[in-house]
1. Mind checking which residues of region 165-187 are closer than 14 Å to residue 132 by Cβ and part of a loop (DSSP other than H, G, I, E, B)?
2. Among the residues of region 236-264, write down those that are surrounded by 18 or more Cβ atoms within 10 Å (Cβ to Cβ) and either part of a helix (DSSP H, G or I) or more than 18 Å from the chain's Cα centre (by Cα) (or both).
3. Could you list all residues from region 210-230 that are outside any helix (DSSP H, G or I), in contact with a helix residue (DSSP H, G or I) (Cβ under 7 Å, 6 or more places away or on another chain) and either free of Cβ contacts under 8 Å to residues at least 40 places away in the same chain or more than 30 Å from residue 117 (Cβ to Cβ) (or both)?
4. Being more than 30 Å from residue 273 (Cα to Cα), in a loop (DSSP other than H, G, I, E, B), modelled with pLDDT of 90 or more and touching a helix residue (DSSP H, G or I) at 6+ places or on another chain (Cβ under 7 Å): is that true of residue 62 here?
5. Regarding residue 45, is this residue without any contact (Cβ under 8 Å) to a residue 40 or more places away in the chain, surrounded by 18 or more Cβ atoms within 10 Å (Cβ to Cβ) and part of a helix (DSSP H, G or I)?
6. I'd like the full set of residues that are touching a residue at least 60 places away in the same chain (Cβ under 8 Å), more than 18 Å from the chain's Cα centre (by Cα) and surrounded by 18 or more Cβ atoms within 10 Å (Cβ to Cβ), limited to region 57-86.
7. If you scan region 132-143, which residues turn out to be in contact with a strand residue (DSSP E or B) (Cβ under 7 Å, 6 or more places away or on another chain) and surrounded by fewer than 19 Cβ atoms within 10 Å (Cβ to Cβ)?
8. Residue by residue through region 168-194, note down the ones that are in contact with a helix residue (DSSP H, G or I) (Cβ under 6 Å, 6 or more places away or on another chain) and within 19 Å of residue 125 (Cβ to Cβ).
């Protein structure tokens, strides 16, 4: 049995579907979830990772865990070490942690990774860069005005399709040989916000205008839905990425045997949300 936390999100939903298609037993965990959110046969458990006392039922019968935390988990003072302890006591033997490329570059604290690595369990860490799905924040302006407004318009980063993160996670959960490894997950090519606007124009068959925000304007908007520490780290990556953060990692292809999907492919697949 594989437990997937964050099972209703961009990565978790795809991961659940992929594991079920591969014949795995799955428990889907989220703070708000129902049978309608998952394929037939998937066990669902409503649970909050920040309240580890409530995780016993979620981990019951599981031997593998996909661990995804959120900004809400951070805001609530969640302790990954307590989650890992609950998983170990329930019999979980392998944990795949969705971390961040920012841990490797020193922008984010390594505490979550350290807790997993010190667990005594088999572990693999996934460190994705920016998600292509972050572009959903532009859906309203693209629908209403055919416009994207963001800072740092010409800074290109190799954003990753969440579907590729899920596919890598599925492989690592199901296969041996990934224990004790950390994988940096990126898309196959860097693309700037201006380039992303062009990708939407191609996907929609209509011009999409690009408007560049100042860093201050972007900070104000992001603080409405992100903790301050996450906002500052995100702006630093978007505006002044390190050489490593600008590089395409080979790890998606190394695990899956194929390159990652491009941002243009993601935009075409999700065009309906922007029409």
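1. Within region 165-187, 186, 187 qualify.
2. 237, 238, 241, 245, 251, 252, 255, 263, 264 - these are the residues of region 236-264 that are surrounded by 18 or more Cβ atoms within 10 Å (Cβ to Cβ) and either part of a helix (DSSP H, G or I) or more than 18 Å from the chain's Cα centre (by Cα) (or both).
3. Passing the criteria: 210, 223.
4. For residue 62, the condition - more than 30 Å from residue 273 (Cα to Cα), in a loop (DSSP other than H, G, I, E, B), modelled with pLDDT of 90 or more and touching a helix residue (DSSP H, G or I) at 6+ places or on another chain (Cβ under 7 Å) - is met.
5. Judged against the criteria, residue 45 is not a match.
6. 62, 64
7. Once the filter is applied, which keeps residues that are in contact with a strand residue (DSSP E or B) (Cβ under 7 Å, 6 or more places away or on another chain) and surrounded by fewer than 19 Cβ atoms within 10 Å (Cβ to Cβ), region 132-143 yields only 141.
8. Within region 168-194, 168, 169, 170, 171, 178, 183, 184, 185 qualify.
The values are calculated or read from the model by the stated rules, or taken from the named source; none is laboratory data. If you're wondering where the values come from, they're calculated on a predicted model, not measured in any experiment. Don't worry about glycine lacking a Cβ; one is built from the backbone with ideal geometry, like all the others, and counts go over all protein chains shown.
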